[in-house]
Amino acid sequence: MKKQLIASIIIFTFAFLFSQSFEEHKSIHQIEWEAHLNDPEQHVFYKNSVVSVDPLQQRDPNGPQLTHAVFGYLPDWKYTSAPQYFDYSVLSHIALFDFTVSTAGNITGYPSGWPDNWLNMMNTAHANGTKLIMCIVEFNDDDIHAIINSSTASNNFYQNVANILTTYNLDGVNIDFEGPQIADRGAPMNSFMQGLTNYIKTNVGSEQEISFAGPAVNWSGWDLPGLVNACDYVFIMGYAYWYNGSSVTGPSAPITGASINLEQTLNNSDNGYGSCDKSKIILGLPYYGNKWKVSYSQRSTVNATTLATGSSVVYATAKDYYANYGRQWSTKYEDAWTYYQSGDDWYQAWCNDAQALDAKEKLVFTYGLMGTGMWALGYDEEHNELWEVLRENFLEFEDSLMLDNFEDGLGHFYRQPDYSGSCKGISSESWSDTSSETSYIDEHSLKIVLKDDTSSSEDWKIRLLSGQGTPGYNVQFPRTRELHFALRTNQSGMEVAVLIDDGISELESSLRLAVLGDNNWHTYSVRLDSAELWTNYYNGDGAINTDYITLDALMFYAPQQLADRIVYLDAVEALAVEDPIEPGIEILPQRFQLYPNYPNPFNSSTTLHYAIPENSDVNIELYSINGRRVSTLINAYHTAGDYRISWNSNTAPSGIYIAVMQVNGHIVSSQKLMLVK
């Protein structure tokens, strides 16, 4: 087991008048670390063995440019689920949480599953230019005292850290020592950090980054300017201003509205970072909040008196609360919250959403900070909107964004066509590779050689994946673009479409474009902001409706033939459009309605659009023409809005089907669907 520690529970009591009265307490890092101490551990594979972590690569020069640091902690209880949702283009650092240390300076604990289960994520991060930071924790003040005040223990610690950085090809270390004794917070801690900085840069490399997880408030004893100077940067844990032991409800990270807040943390020289070098400060923000039990009479009151110790709420959960119970907005704190009933009790929940985080991230520009960050990566799960705020604030896009030119550098299409069911009619002997035989720009193009599957009489369908078809391996770019690419082939009859991923596992297809077969280069383009050009390919709704998307693949279609087809591809780029089509203003529907499905007739999948004018329980079921229930498409509580849902017919036979929508137990609408196979 990686950690051997008996967790203690400390209850703090706070006094409140008209607003929160603040005192020092445990950080969310420590609270959640203790909560996960007894988790069933995954096997730790050969901690001391060498694994092949790929070297850090430069960021794609053709991709969007990250203007500031974005530093995210990845706790080991999220490392299996979180990375699939990462947008590495807007993530500069990943802190691997956590390693633990003994009083003698030995590294005694490793993240669960280390290192084997982390290897794929680490290689992907390095391939995208995202740095990997070793995060070392210690929350016992006596143990911290022993480590930083003993030259023997400190020097042993420096050497052990250097060995791990070198062994696993990591890019720096973040020290998360919290709650040290007051006498240790000034010169002893700063001397320890300066020693670590000097040792690592001398013995591992000057490019190594040394950082410290700093408190949001200097309650007593910290020399924050000296701490900042002793490191490359300090990550301010800009949260837990309100926490689960608070006596009134409020936000975890208020910008203003309380005596202690983010503005005060950055401005005040006595108990904040007002006298520090701001260019060496990363402002960490919470992807979590808190919920508390409150009285019925105060359920809708900001700063309601809490009736019991609260608990943490991650963003993914808070988003569901806002959808189900109605999102409230506090102008006092510039934060989102809600209230709801569970059983006989009432609760308030507060958590940053995209609007709240946007204003807080902009403090980076106001104060000239190094960047922002979060506790913790993965707390938004599959939801994309917090990534979109980061992109809006910290990514710069050129008007011409080259996705692949098949020259030296990071390529996305260096893969054969996908044979996992996406391709039909062609042989697995088909292949693609860069070629200097012909090119549209520069010196190379991608040569795609398609061979017939002689055992099949199907027409050809070829899915040429970009970045393995995985959003994390592709460049995120705004939907206000026009996708251009060049093709050359000497055979007619082929068509091409573009597949776009506008959400996790939501693929939309453009309409097909005819490919000229005159053996000359021709350019093709598809506007991404035009709803009329798109249909559902898989699990989508037939429209690109997120602000940022990735290119999933190019789809080629051709009639069945025995001869090989050779196609050259070059200059895949996303160009800014001068007159982008803005998404329409969302207007709540006026009545319950199930609209005709599209396409109709259909041969594999179809999409139904339905409107809900008020919060309701919605059930949509599919029946055969003789009245037999075939499938339940949706059975869930809905907030007011427009919705779409797809039906993949799979093994269902051809015929006529009836979709019936019930609202709150009453049939309100139906539509006829025609499946043709």
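The values are calculated or read from the model by the stated rules, or taken from the named source; none is laboratory data. The shown structure was predicted, so the numbers you read here are calculated from the model rather than taken from an experiment. Cβ atoms come from the backbone with ideal geometry, glycine included; neighbour counts cover every protein chain shown.
Summary table below
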read-out: Complete set of residues in the range 371-383 that are buried (at least 22 other Cβ atoms within 10 Å of the Cβ) and either without any contact (Cβ under 8 Å) to a residue 12 or more places away in the chain or not in a strand (DSSP E or B) (or both); value: Ala376, Leu377, Gly378, Tyr379, Asp380
read-out: Filter pass, Val475 being outside the structural domain of Thr606 (by TED's automatic domain parsing), among the β-branched types (Val, Ile, Thr) and not in a strand (DSSP E or B); value: yes
read-out: Number of positions in the range 260-300 that are at pLDDT 95 or above, part of a loop (DSSP other than H, G, I, E, B) and among the acidic types (Asp, Glu); value: 1
read-out: Single unsatisfied condition, Val389 versus (1) in contact (Cβ under 8 Å) with a residue 40 or more places away in the chain; (2) not in a loop (DSSP other than H, G, I, E, B); value: (1)
read-out: Elements of type strands (runs of 3 or more DSSP E) contained in the range 323-370, each with 2 or more residues being surrounded by 17 or more Cβ atoms within 10 Å (Cβ to Cβ) and hydroxyl-bearing (Ser, Thr, Tyr); value: 335-342
read-out: Count of the range 128-146 residues which are in a helix (DSSP H, G or I) and either in contact (Cβ under 8 Å) with a residue 60 or more places away in the chain or crowded, with 23+ Cβ neighbours inside 10 Å (or both); value: 1
read-out: Scope the range 56-69; condition over 25 Å from Val234 (Cα atoms) and exposed (fewer than 13 other Cβ atoms within 10 Å of the Cβ); matching residues; value: Pro61
read-out: The range 645-674 residues that are more than 24 Å from Ala543 (Cβ to Cβ) and surrounded by fewer than 18 Cβ atoms within 10 Å (Cβ to Cβ), paired with ones that are modelled with pLDDT under 80 and among the charged types (D, E, K, R) (beta carbon under 7 Å, 6 or more apart); value: Ser654/Lys677
read-out: Filter result for Asp541 (in a strand (DSSP E or B), of a type outside the set (Phe, Trp, Tyr) and in the same structural domain as Tyr473 (by TED's automatic domain parsing)); value: no
read-out: Qualifying residue in the range 207-223 (condition: within 26 Å of Ser92 (Cβ to Cβ), within 34 Å of the chain's Cα centre (by Cα), in the same structural domain as Asn149 (by TED's automatic domain parsing) and assigned to a helix (DSSP H, G or I)); value: no
read-out: The range 147-163, residues that are surrounded by 21 or more Cβ atoms within 10 Å (Cβ to Cβ) and either touching a strand residue (DSSP E or B) at 6+ places or on another chain (Cβ under 7 Å) or in contact (Cβ under 8 Å) with a residue 60 or more places away in the chain (or both); value: Ile147, Phe157, Val161
read-out: Tally, over the range 392-413, of residues that are modelled with pLDDT of 85 or more and under 22 Å from the mean Cα position of the chain (by Cα); value: 8
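Here is a yes/no grid of residues against (1) modelled with pLDDT under 85; (2) polar (S, T, N, Q); (3) farther than 25 Å from Tyr568 by Cβ:
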| site | (1), (2), (3) |
| --- | --- |
| Thr489 | no, yes, no |
| Ile500 | no, no, no |
| Asn520 | no, yes, no |
| Ala531 | yes, no, yes |
| Asp541 | yes, no, yes |
| Thr546 | yes, yes, yes |
